[in-house]
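Everything on this sheet refers to the single structure shown next.
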């Protein structure tokens, strides 16, 4: 039997999940940079040639960490608190939220820049952003939202 207290999110677990997000987003962005944002010839999504892949990946990772921290504090946390007052968030729902919150910065920055890098660039950028969002959402769910059975 599930009580209302079991459906609520523990503050310590929620704080831990929020704290992990920027670091995890930076790690995933650094690791996925050559996969999604470089082509086979080492050319970047924006069309230039990357002279040092690690430096470029570090810059992208730093930017992803900042964006993830802001999105988590301003979007994910309020939405999580709002939903968990009424019901439990399932793992598939969390992953869908991750895709949404992950691709949100890509769409916003593309609209702000008023240019894209063609269909291939758009797909690669969305896949990069969605991957970060999914990984971060999975970690958030496992840390803060999964049910933990307590023995009294």
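Every read-out reported here was derived from the displayed coordinates using simple, explicitly stated rules and does not represent laboratory data. If you're wondering where the values come from, they're calculated on a predicted model, not measured in any experiment. With ideal geometry, Cβ positions are generated from the backbone for all residues, glycine too; neighbour counts draw on all protein chains shown.
Here are some notes:
- Using 0.36 nm per residue and subtracting the Cα-Cα separation, the extra length available between residue 112 and residue 13 on full extension is 32.1 nm.
- For the chain, the longest principal axis of the alpha carbon atoms and the long axis of helix 118-140 meet at an angle near 30°.
- Each of 129, 10 was scored by other Cβ atoms within 10 Å of its Cβ. Arranged with the fewest first, they read 10, 129.
- Of 66, 27, 83, the residue with the greatest mean-square motion in the GNM of the chain, using alpha carbon springs below 10 Å, is 83.
- Percent of Cα pairs exceeding the 29 Å cut-off, where the set is the chain: 25 percent
- Length added when fully stretched, residue 123-residue 79, from 0.36 nm per residue minus Cα-Cα: 13.1 nm
- FRET efficiency estimate (nearest 0.05) - Cβ-Cβ, residue 87 to residue 51, R0 35 angstrom: 0.10
- Cα-based helix-to-principal-axis angle, 53-71 vs the chain, degrees rounded to 10: 40 degrees
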